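Following: one structure in structure tokens, then a few remarks.
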There are 2 protein chains.
Amino acid sequence: MSQDWAPMWKELGLDLKAHDELLNVLGKFYNDIFMSQKDRPQGMQYFDFVMSEVHGLRIKELLDAKAQSRKVIATFCLYIPEEIALATNAVQVGLCGGAEMGFNIAEKYLPRNTCSLIKSFFGFSEAKICPYFEASDLVVGENTCDGKKKAYEIFKDLRNLYVMDMPNMKHEKGRELLKSEYIKYLQMMEKLTGKKITVESLKKGIHIANEKRKAIGRVMDLRKHNPTPISGKDALLINQVAFYDDPLRFTDSVNKIADECEKRVKNKIGVVSKETPRILVSGCPMAVPNWKVPHVIETNGAVIVGEESCVGMRNIRNLVSDKGNTVEQLVDNLVDRYFKIDCAIFTPNKDRLDHIVQMAKDLKADGVVHYSLQFCTPYNTESHLVENTLQKAKIPLLKIETDYSMEDMGQLNTRVQAFVEMIKK
Amino acid sequence: MSQDWAPMWKELGLDLKAHDELLNVLGKFYNDIFMSQKDRPQGMQYFDFVMSEVHGLRIKELLDAKAQSRKVIATFCLYIPEEIALATNAVQVGLCGGAEMGFNIAEKYLPRNTCSLIKSFFGFSEAKICPYFEASDLVVGENTCDGKKKAYEIFKDLRNLYVMDMPNMKHEKGRELLKSEYIKYLQMMEKLTGKKITVESLKKGIHIANEKRKAIGRVMDLRKHNPTPISGKDALLINQVAFYDDPLRFTDSVNKIADECEKRVKNKIGVVSKETPRILVSGCPMAVPNWKVPHVIETNGAVIVGEESCVGMRNIRNLVSDKGNTVEQLVDNLVDRYFKIDCAIFTPNKDRLDHIVQMAKDLKADGVVHYSLQFCTPYNTESHLVENTLQKAKIPLLKIETDYSMEDMGQLNTRVQAFVEMIKK
């Protein structure tokens, strides 16, 4: 880390001892999983730096932004449009937790049979080890799955929380609800920041978010080449950092990696050999530092070429149109784009099934690993339909249901190894 | 049973061997749990008869109704308004399963970590042991919890299924959604039955459903007296049979029990002694033959005086107004009533918390047993708020999370016994 951030963390009210332990584990974990990789694009050094400063410099930046009267909004879900925060000059950061931290505290509030993602955000918050919670002015939740929907009722007594409602179905009434929730959210953000959102400021927000999506999309698209120019772990890291980093700097850094990957592809330089089995990972989001399954896949002789996930394609697919002369028209454009997100909370959700097949084909994947968190009802139940769909498309599938613990590492290694062996050309 | 129904069951396509096994278990279970009780109201004999014929005479009645061109609608949830089915002269029956049957088949479609209620309806359907599925023209589902919402996507390929959408929140848009879904449902039912719903027919449906609620309400209200005139198991049975039986005959039979219970109260005759600890059960619905927890409670020295549950007060609380001169006005009345149902799928759901306290006080309960099915995220998560609320109200609480298996009977007996000991006056 670039300097001693302990005074800042203390000021924020973190539990310094527990936080130090977290950083030690995280640092070791990151070294083992990322720094051990060979032939990474040089541009990944930026992300190594970002990760080393994810609780340091980045938090300092958030506090500096606050000192300039900007607001910091912390979110859990793709459905909260960053464009609106950007239009008010606020900073939006992601809060999803990807580690088994503070679970003993989380389980005082939540059923044991709650998915790790939800327990993790409770744990990070209540164990006072997450500077993003402490640096944020407002936490924004959303009624997506039952787990989050009901957890927010408890969480609202612990943090300054705003909850956005969500529809279950993509019919006209569902669209109306999403639009009215986006308008309510926009008005709330105007009030919070004291900044009136204009056509110009919202267009600027749309532009920044689109450029971010396009930059990530460039890297992701290059992975269809064989050999693939970047590892799945590094690609996931880019997708993860997208939720934390300053969007302009991030976009610039990702475009540099895309340039580098383009050259690699042109020169037929890959991060693995051409013979390496190619895997599409599909399912639940993987928040930092949830690198378990990708690490298992890529240390068992395969390479990941795509993420059909919220921390992946669901976040960057489809741009928001900037056509329109009123704020309402632009909000309609937001709804158009966000309503296409094919999260398993929707019913029916056939678009996702089609998209998995399409991604597997576009990326020339030899097989799909469906990843779901234990107790995540939407993704676990939908995995039956994913299985049927991939069977029909004759694409091999391995279904993994796991949590954030390391207890099933032996079993995961065995299952993934057997799957990789099976899909080898 | 009054006659040999095997030919009917065969005709319906049931798996006769598996179905016989179910009936044997069910019969023995019923005898042990219900017939062993002392001092039951005489009127319960009707319910003993109904239960002995639940797969026999009642199915014959459904088939007779169909022979007269009436339609049979099978539902899982309180939010499907029986008034609409009644207005089309259709028969509505409940489908929720309360036994661990066909789970091995259900788990071919659903995650193992799915609640027993959902696995049970899949199991009963796909093991071909439920004549209600086979006798129904249409199964009506609804987007309540994630488990059901996503399970219906799979179930729609197995049965003729109509799914009603539901809101997450009780705001204006939520109400609009429910109303539009009720209108869509009404139109679908008109098409299915070939019967135009009129103000008159809908008022008739409202009347029948209200009378049913009032009759059950009379019995439930009498349980506030000490000693209580009826056991919790028998009261639950009345609530359960409400979903299967012919509504007019049912209402009549329940009113007779209410008359009998009134006399008992007047004469200070109870089903247990005045000193017996009184318990309110709150939480997930208990579908036939899910009598496990009530049996444990009432064989450990306590008596149940109320059910804060879908198979209980949530089903009968609040009547539908029959004021109105148009079908739309009456649909508005339906929405008014059904929107008050305080299921844990809603967020926030403070009404339920208040109602538990109110019921506990009205019924003079010495304690509350919160009953939830394992993997039922809405009720399990909400139980934290129930706990906080009851603590504030100084009402003792025992939280039970269980499933349909008998494996935890020893543990349940121990925990309930200790709780009953604790709340003894």
List the number of the failed condition for A:Ile230; all other conditions in (1) in contact with a Pro (Cβ under 7 Å, 6 or more places away or on another chain); (2) in a helix (DSSP H, G or I) hold.
(2)
Within the set of pairs 6+ apart or on separate chains, which have a first residue in region B:101-118 that is on the phi > 0 side of the Ramachandran plot and part of a helix (DSSP H, G or I), a second that is surrounded by fewer than 24 Cβ atoms within 10 Å (Cβ to Cβ) and modelled with pLDDT under 95, and C-beta atoms under 9 Å apart?
none
Residues that are within 19 Å of A:Asp165 (Cβ to Cβ) and in a loop (DSSP other than H, G, I, E, B), drawn from region B:135-148
B:Asn143, B:Thr144, B:Cys145
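Considering only residues of region B:364-380 that are not hydrophobic (A, V, I, L, M, F, W, C) and not in a strand (DSSP E or B), which is surrounded by the most Cβ atoms within 10 Å (Cβ to Cβ)?
We begin by selecting, within region B:364-380, every residue not hydrophobic (A, V, I, L, M, F, W, C); these are B:364, B:366-367, B:370-372, B:374, B:377-380.
With not in a strand (DSSP E or B) added as a condition, the list becomes B:364, B:366, B:374, B:377-380.
Details: B:Lys364: 15, B:Asp366: 22, B:Gln374: 19, B:Thr377: 30, B:Pro378: 23, B:Tyr379: 27, B:Asn380: 27.
Going through the qualifying residues, I end up with B:Thr377.
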Return a yes/no flag: does region A:86-105 have any residue that is at pLDDT 95 or above, within 29 Å of A:Asp336 (Cα to Cα) and in contact with an Asp or Glu (Cβ under 6 Å, 6 or more places away or on another chain).
yes
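Return yes when A:Lys340 is among the charged types (D, E, K, R), part of a loop (DSSP other than H, G, I, E, B) and under 21 Å from the mean Cα position of the chain (by Cα) and no when it is not. Working first, answer last.
Values: among the charged types (D, E, K, R): yes; part of a loop (DSSP other than H, G, I, E, B): yes; under 21 Å from the mean Cα position of the chain (by Cα): yes.
Yes: the conditions hold for A:Lys340.
Among A:Leu280, A:Leu236, A:Leu177, A:Leu222, which is under 30 Å from A:Ala344 (Cα atoms), in contact with a helix residue (DSSP H, G or I) (Cβ under 6 Å, 6 or more places away or on another chain) and without any contact (Cβ under 8 Å) to a residue 24 or more places away in the chain? Before the answer, list the steps.
Numbers: A:Leu280 fails: without any contact (Cβ under 8 Å) to a residue 24 or more places away in the chain; A:Leu236 fails: without any contact (Cβ under 8 Å) to a residue 24 or more places away in the chain; A:Leu222 fails: without any contact (Cβ under 8 Å) to a residue 24 or more places away in the chain.
Within the list A:Leu280, A:Leu236, A:Leu177, A:Leu222, the selection yields A:Leu177.
Which helices (runs of 4 or more DSSP H) does region B:239-336 wholly contain that include 2 or more residues that are more than 22 Å from B:Gln358 (Cβ to Cβ)? Lay out the reasoning, then the answer.
Details: elements: B:247-266, B:292-298, B:313-316.
Once the helices (runs of 4 or more DSSP H) in region B:239-336 are filtered for at least 2 residues that are more than 22 Å from B:Gln358 (Cβ to Cβ), what remains is B:247-266, B:292-298.
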Candidates B:Lys203, B:Lys224, B:Lys184, filtered to the one that is part of a loop (DSSP other than H, G, I, E, B) and either modelled with pLDDT of 95 or more or farther than 21 Å from B:Pro285 by Cα (or both)
B:Lys224
Can you name the number of the only condition in (1) part of a helix (DSSP H, G or I); (2) closer than 30 Å to B:Asn143 by Cβ; (3) not polar (S, T, N, Q) that A:Phe419 fails?
(2)
Do we have any residue at all in region B:384-394 that's part of a helix (DSSP H, G or I), away from every other protein chain (no Cβ under 14 Å), of a type in the set (D, E, K, R) and closer than 30 Å to B:Asn226 by Cα?
no
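Hey, can you tell me all the residues within region B:130-148 that are in contact with a strand residue (DSSP E or B) (Cβ under 8 Å, 6 or more places away or on another chain) and more than 11 Å from every other protein chain (Cβ to nearest Cβ)?
Within region B:130-148, the subset in contact with a strand residue (DSSP E or B) (Cβ under 8 Å, 6 or more places away or on another chain) is B:132-133, B:135-143, B:148.
Matches in region B:130-148: B:Tyr132, B:Phe133, B:Ala135, B:Ser136, B:Asp137, B:Leu138, B:Val139, B:Val140.
Go through region A:389-411 and give me each residue that's of a type outside the set (Ser, Thr, Tyr), surrounded by 14 or more Cβ atoms within 10 Å (Cβ to Cβ) and either at pLDDT below 95 or closer than 30 Å to B:Cys145 by Cα (or both).
Restricting attention to region A:389-411, the residues satisfying the condition of being of a type outside the set (Ser, Thr, Tyr) are A:390-401, A:403, A:406-411.
With surrounded by 14 or more Cβ atoms within 10 Å (Cβ to Cβ) added as a condition, the list becomes A:390, A:393, A:395-401, A:403, A:408.
Selection gives A:Leu390, A:Leu397, A:Leu398, A:Lys399, A:Ile400, A:Glu401, A:Asp403, A:Asp408.
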Right, A:Lys184: surrounded by 18 or more Cβ atoms within 10 Å (Cβ to Cβ), within 14 Å of another protein chain (Cβ to nearest Cβ) and among the basic types (Lys, Arg) or not?
no
Number of positions in region A:17-44 that are exposed (fewer than 12 other Cβ atoms within 10 Å of the Cβ) and more than 24 Å from A:Ser273 (Cβ to Cβ):
4
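Does B:Asn290 fit the bill of being crowded, with 24+ Cβ neighbours inside 10 Å, at pLDDT 95 or above, touching a Ser or Thr at 6+ places or on another chain (Cβ under 7 Å) and not hydrophobic (A, V, I, L, M, F, W, C)?
On the way: crowded, with 24+ Cβ neighbours inside 10 Å: yes; at pLDDT 95 or above: yes; touching a Ser or Thr at 6+ places or on another chain (Cβ under 7 Å): no; not hydrophobic (A, V, I, L, M, F, W, C): yes.
No; evaluated as a whole, the condition is false for this residue.
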Conditions (1) away from every other protein chain (no Cβ under 14 Å); (2) farther than 30 Å from B:Glu190 by Cα -> B:Asn349 fails only (1)
So if I check each of A:Gly324, A:Gly367, which one is touching a Leu at 6+ places or on another chain (Cβ under 6 Å), more than 14 Å from chain B (Cβ to nearest Cβ) and either modelled with pLDDT of 95 or more or more than 30 Å from A:Arg40 (Cα to Cα) (or both)?
A:Gly324
With the checklist (1) more than 21 Å from B:Leu385 (Cα to Cα); (2) within 14 Å of chain B (Cβ to nearest Cβ); (3) in contact with a Gly (Cβ under 7 Å, 6 or more places away or on another chain) in hand, flag the one item A:Ile105 doesn't pass.
(1)
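Give the residue, chosen from A:Leu117, A:Leu14, that is among the hydrophobic types (A, V, I, L, M, F, W, C) and either farther than 26 Å from A:Met164 by Cβ or surrounded by fewer than 17 Cβ atoms within 10 Å (Cβ to Cβ) (or both). Show your work before the answer.
Values: A:Leu117 fails: either farther than 26 Å from A:Met164 by Cβ or surrounded by fewer than 17 Cβ atoms within 10 Å (Cβ to Cβ) (or both).
That would be A:Leu14, the only listed residue that is among the hydrophobic types (A, V, I, L, M, F, W, C) and either farther than 26 Å from A:Met164 by Cβ or surrounded by fewer than 17 Cβ atoms within 10 Å (Cβ to Cβ) (or both).
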Scanning region A:308-343 residue by residue, those in contact (Cβ under 8 Å) with a residue 40 or more places away in the chain and under 25 Å from B:Gly141 (Cα atoms) turn out to be A:Phe339, A:Ile341, A:Cys343
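Kindly indicate whether any position in region B:311-323 is of a type in the set (Ser, Thr, Tyr), surrounded by fewer than 20 Cβ atoms within 10 Å (Cβ to Cβ), on the phi < 0 side of the Ramachandran plot and over 18 Å from the mean Cα position of the chain (by Cα).
Pass one, region B:311-323, residues of a type in the set (Ser, Thr, Tyr): B:321.
Within this subset, residues satisfying the condition of being surrounded by fewer than 20 Cβ atoms within 10 Å (Cβ to Cβ) are B:321.
Going one step further and asking which of them are on the phi < 0 side of the Ramachandran plot, we end up with B:321.
Those left that are additionally over 18 Å from the mean Cα position of the chain (by Cα): B:321.
Yes, there is a match, as at least one residue in region B:311-323 is of a type in the set (Ser, Thr, Tyr), surrounded by fewer than 20 Cβ atoms within 10 Å (Cβ to Cβ), on the phi < 0 side of the Ramachandran plot and over 18 Å from the mean Cα position of the chain (by Cα).
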Report yes if A:Leu192 is more than 26 Å from B:Glu142 (Cβ to Cβ), within 14 Å of chain B (Cβ to nearest Cβ) and in contact (Cβ under 8 Å) with a residue 60 or more places away in the chain, otherwise no.
no
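Can you pull out the residues in region B:149-177 that are among the hydrophobic types (A, V, I, L, M, F, W, C), facing chain A (nearest Cβ under 9 Å) and part of a loop (DSSP other than H, G, I, E, B)? Spell out the reasoning first.
Here is the first cut: in region B:149-177, the residues among the hydrophobic types (A, V, I, L, M, F, W, C) are B:151, B:154-155, B:158, B:161, B:163-164, B:166, B:169, B:177.
If we keep only those that are facing chain A (nearest Cβ under 9 Å) as well, we get B:151, B:154, B:163, B:166, B:169, B:177.
Scanning region B:149-177 gives B:Met166, B:Met169.
The values are calculated or read from the model by the stated rules, or taken from the named source; none is laboratory data. Everything quoted here is computed from the prediction, not taken from an experiment. Counting neighbours? That spans all protein chains shown, and the Cβs are built from the backbone with ideal geometry, glycine included.
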